Amino acid sequence: MAKTLIVDDEVSIRQTLRDILEFEKYDVEEAQDGLECLVKLKKDSYDVIIMDIKMPKMDGNEALERIQMLVPETPVVM
């Protein structure tokens, strides 16, 4: 089962993606912005990250740069 992190500031988008992925038997976690994403990445690992670009606190582009330094092997879909 692939462990997936959904990063988006819109709750409805996170919930829709969660519902679809859990239906397909993915293990799903959520973060509401780039900062929360990085906190989660320091505690756990993920097989894939699905991330929005426009978010408060830290946008997807900045978060992607940091993700690539922390876990360069983890694919990110934006």
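The values are calculated or read from the model by the stated rules, or taken from the named source; none is laboratory data. Every value quoted in this text rests on a predicted model; they were computed, and no experiment measured them. Because the Cβ atoms are built from the backbone with ideal geometry, glycine has one as well, and the counts that use them run over all protein chains shown. Please note that ligands, DNA and RNA were not included when accessible areas were found on the heavy atoms of the full protein model with its side chains. Shrake-Rupley method; radii C 1.70, N 1.55, O 1.52, S 1.80 Å.
Those residues that are buried (at least 17 other Cβ atoms within 10 Å of the Cβ), out of contact with any helix residue (DSSP H, G or I) (no Cβ under 7 Å at 6 or more places or on another chain) and assigned to a loop (DSSP other than H, G, I, E, B), I need them from the range 27-55; list them, please. GLN32, ASP33, TYR46 - these are the residues of the range 27-55 that are buried (at least 17 other Cβ atoms within 10 Å of the Cβ), out of contact with any helix residue (DSSP H, G or I) (no Cβ under 7 Å at 6 or more places or on another chain) and assigned to a loop (DSSP other than H, G, I, E, B).
Figure legend. Inter-residue proximity from the range 35-55: first residues under 13 Å from THR4 (Cβ atoms), second residues of a type in the set (Lys, Arg), beta-carbon distance below 6 Å, spacing 6+ or different chains. Indicated pairs: TYR46/LYS3; ASP47/LYS3.
For MET58, the test of being of a type in the set (A, V, I, L, M) and part of a loop (DSSP other than H, G, I, E, B) is passed.
Keeping to the range 1-26, report how many residues are within 12 Å of the chain's Cα centre (by Cα), of a type in the set (A, V, I, L, M) and open to solvent by less than 40 Å² (accessible area, probe 1.4 Å). Number of matching residues: 3.
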